[in-house]
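Novice: Would you mind keeping the following structure in view while I ask a few things?
The values are calculated or read from the model by the stated rules, or taken from the named source; none is laboratory data. All of these numbers come straight from a predicted model, not from anything done at the bench. Here the Cβ positions follow ideal geometry from the backbone for every residue, glycine too, while neighbour counts run over all protein chains shown. SASA here: full protein model, heavy atoms, side chains in, ligands and nucleic acids out. Shrake-Rupley method; radii C 1.70, N 1.55, O 1.52, S 1.80 Å.
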Amino acid sequence: MCLWHGRSGRRGDRPMVEHDPSARPGDAGHPEPGRPEPGQPEPGHGEDVRFKDLPPEERLFRQRHSAAHVLAEAVLEMFPEGKYAIGPPVDNGFYYDFDLPRTLTPDDLVALEKRMRESVKRNLPIHGEQIAKERAREIFRDQPYKLELIEGIEEDTVGYFRHGDFQDLCRGGHTETTGQLGAFKLDRVAGAYWRGDEKNPMLQRVYGLLFPNKQELAAYLELREEAEKRDHRRLGRELDLFHLDPIAPGSPFWHPKGTVLYNGLVDYIRELYEVYGYREVITPQLFGADLWKTSGHYQNFGEDMFLFTTGDAEDGEEIGVKPMNCPGHCHYFASGHHSYRELPLRLAEFTRLHRNERSGVLHGLTRVRSFAQDDAHIFCTPEQFESEVFGVFTFIERVYDELGLGAPEIRLGTRPEKFAGDPGDWVEAERLLGEAVTNAGKTFTLSPGEGAFYGPKLEFHFKDAIGRSWQLGTVQVDMSMPASFDLTYVGEDGQEHRPLMLHRAVLGSLERFLGVYIEHTGGHFPLWLAPVQAVVIPIADRHVDYAQRVRSRLRERGLRVEVDEGADRMGAKIRKAQLQKVPYMLVVGDREEEAEAASVRDRTGDDLGAMPLFQISDRMVDERDSRSVQAR
RNA sequence: GCCGCUGUAGCUCAGAGGUAGAGCAGCUGUUUCGUAAACAGCAGGUCGUGGGUUCAAUUCCCACCGGCGGCUCCA
């Protein structure tokens, strides 16, 4: 697949913490079509429904929004010359952007929070009304950002809210007073471009957290701590899975243990390729720039590619390192004649891809420059389209289920601003994708503008163990490359036809998937993936020989087993294995040696008692071969 | 790329304008032990890199390079 996450997939790459199951999708500032505008300005305030009678999510939305105002009030008190821009409610809280004479420090946040609490204590009424644009321009004459916002509003009037001496241009949706804010905490300050455009000035964004009560705020902070403990960068080091080094930014070094995981996943997907009728290929890493010009990537994403010229600059050849497999696969398809009888042709490839992601966006394994995907492209006839889409999500659902990720949530990404092809075809393709989902008895939600530049797509999202949502798999319709590469097949009628092309990935980038999966499991990998499946722990030196025999017996069954021969006491060895999250610890002493057995402890800490070796290996082999994902 | 923060031993972190410390990990020795840390010793750092200020810089300043948090949620 060609999902270029540097652009269209950005939102999906970021974990969105969704701790509040009752939260509406649009609540967190993700505008959803059809969502009622939250609280229009209410001129006659008293006629409105009482704040306390509103639905909980509306109350929270308003609390967060009002908190943003109270924050702006505090900042403007501190910096009377300050300019304020926008301050919406977001996931977990709110923010406000400012243009200030100096940079805010962590100490400032403490002071600001104190001022905010004073404002809350004063419990000032918040008034909202519609005013003429003319008047708004007068009120905000010293506020360039507000003036710019006013110009962007189509109506003749604009929303105007105030409490105490603070006033703001605002669409509304507020609490009745500043005393109704709930539990909040200023979180951090970060840079943000005015209107998110890097050509605009950089503003200072103050983020705050806000929940209905202290308990929920504390729960969120705990969740965050839990997330920190599971951070794949931390576990990657602690479990000796991989490391990153400035010598190759964004390019993981997979250690032996991480490589077991990596290859385990590849082997697994490869096995399923047999089941689902895919054929694997290996295409070049380096291509002449012409290929990327044909595919359109050179023009659209050249900046994000590693391009270089061989030899000297004048008569050297321009080369592009492959950032994705699709053009290579199209080139393969075009290299021979194809009959309709060969279709659908499902071409898979695991080779490495490189994308020149900007340095600031690199992040552990989830945003890298060097990675591989469980990538495939399906070339098919229009008649085969729906069953192919269906086949992909059968595949995806099976994998998510077997990996213990649960049922995916499906989203349909529609035409983005920058797109290739005919808008009419887009509408048709979006409709067909949607139908394929509903005909399969599934539901989907719309992600407007989130399609790839060459076609609409289905995204498969999963929610991890601590409630964060991640996009993994995808199916994308390509309405551009078959024509760009002039792909054809000979139909039943003896005529040449243009095949349809689908891009699809089940896990997506294996690097990114592993990052997500490490966090989901907290490093407690199912036995079949665990880099070390059991550690044999001899109680005293005289048991080492027997421990090694135990290891050999298990290795004969293809199990990955180590012996801890160190001078540590048994307790310390158990602790070590436990921290390494090894599924089984096999303690052997005099009693076990006598009985050709081992005492089995699993990583939950359960002592399963002494078991004969054959029984241990049978049990482990069963667990491995069934790819059991039971949490342990 | 841009904004902010940050960079001291493999890891977690302390420190100060006068030449660097702890715990864990490592190594060696002693201990031979029954389900989450035995004891002792040793070794380990041009304090991210390059400039500048200073009698003296790891510490102050500048630049660069990494890392971390942000950067479409438009009143």
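Novice: Determine the dipole magnitude for segment A:36-226: charges of +1 sit on the beta-carbon of Lys and Arg, -1 on that of Asp and Glu, nothing else is charged, the reference point is the Cα centre, and the result goes in debye to the nearest 20.
Specialist: On the way: 26 positive and 36 negative charges, 105 e Å.
Here segment A:36-226 has a charge dipole of around 500 debye.
Novice: Take the residue pairs A:K52/A:K214; A:K214/A:K463; A:K229/A:K576 and return only those whose Cα atoms are more than 21 Å apart.
Specialist: From A:K52/A:K214; A:K214/A:K463; A:K229/A:K576, over 21 Å: A:K214/A:K463.
Novice: Report the Cα-based extents of segment A:40-169 along its three principal axes, largest first, to the nearest Å.
Specialist: Taking the Cα atoms of segment A:40-169, the three principal extents are 41, 34, 27 Å.
Novice: Mean Kyte-Doolittle hydropathy of -1.0 or higher plus an axial Cα length of 20 Å or more: which whole DSSP H helices in chain A meet both?
Specialist: A:56-78, A:256-276, A:385-402, A:423-439
Novice: For the residue pair A:T259 and A:S628, what label-to-label distance in nm results when each label sits 7 Å from Cα along the Cα-to-beta-carbon direction?
Specialist: 3.0
Novice: Per residue, how much accessible area does chain A show when a 1.4 Å probe rolls over the protein heavy atoms, in square angstrom?
Specialist: 46
Novice: Give me the percent of accessible area attributable to carbon and sulfur for chain A, probe 1.4 angstrom.
Specialist: Carbon and sulfur together cover 50 percent of it.
Novice: Name the residues whose placed amide hydrogens come within less than 5 Å of the amide hydrogen of A:T175, ignoring near sequence neighbours (fewer than 5 apart) on the same chain.
Specialist: Here the answer is A:S66, since their amide H atoms fall under 5 Å of that of A:T175.
Novice: In sequence order, what are the phi-derived ³J(HN,Hα) couplings for segment A:531-539 according to the Karplus relation 6.51 cos²θ - 1.76 cosθ + 1.60 with θ = phi - 60°, rounded to whole Hz, with x for glycine and proline?
Specialist: Result, ordered by residue: x, 10, 8, 7, 10, 8, 10, x, 6 Hz.
Novice: Stick to the Cα atoms of segment A:406-543, pair each with every other, and give me the Kirkwood hydrodynamic radius in Å at one decimal.
Specialist: Kirkwood hydrodynamic radius for segment A:406-543: 18.0 Å.
Novice: If you take the beta carbon distance between A:Q285 and A:A183 as r and set R0 to 56 Å, what does 1/(1 + (r/R0)^6) give as a FRET efficiency, to the nearest 0.05? Could the numbers behind the result be given before it?
Specialist: Working: r = 53 Å, r/R0 = 0.94.
According to the calculation, E is roughly 0.60.
Novice: Excluding residues fewer than 8 places away in the same chain, name every one of the lysines whose C-alpha is closer than 22 Å to that of A:K146.
Specialist: Cα-Cα hits under 22 Å: A:K83, A:K133, A:K199.
Novice: If contacts are Cα pairs under 8 angstrom and at least 6 residues apart, what is the relative contact order of chain A in percent?
Specialist: Once divided by the residue count of chain A, the mean separation gives 11 percent.
Novice: Filter the GluC sites (Glu not before Pro) in segment A:531-601 to those in DSSP coil with at most 13 other Cβ atoms within 10 Å of their Cβ, and list the result. Could the numbers behind the result be given before it?
Specialist: On the way: sites: A:E556, A:E562, A:E565, A:E592, A:E593, A:E594, A:E596; in loops: A:E556, A:E565, A:E596.
Listed in order of number, the matching sites are A:E556, A:E596.
Novice: Using only the Cα atoms of chain A, construct the convex hull and provide its projected area averaged over every direction, in square nanometres to one decimal.
Specialist: For chain A, averaging the hull's shadow over all directions gives 36.0 nm².
Novice: In debye, nearest 20, what is the charge dipole magnitude of chain A about its Cα centre with +1 on Lys and Arg Cβ and -1 on Asp and Glu Cβ, if you could check?
Specialist: Around 1680 debye, computed over chain A.
Novice: Loop-only check: which trypsin sites (Lys or Arg not before Pro) in segment A:333-403 are DSSP coil with at most 15 other Cβ within 10 angstrom? Write down the numbers at each step before the final one.
Specialist: On the way: sites: A:R341, A:R346, A:R352, A:R355, A:R358, A:R367, A:R369, A:R398; in loops: A:R355, A:R358, A:R369.
Passing sites in segment A:333-403 are A:R358.
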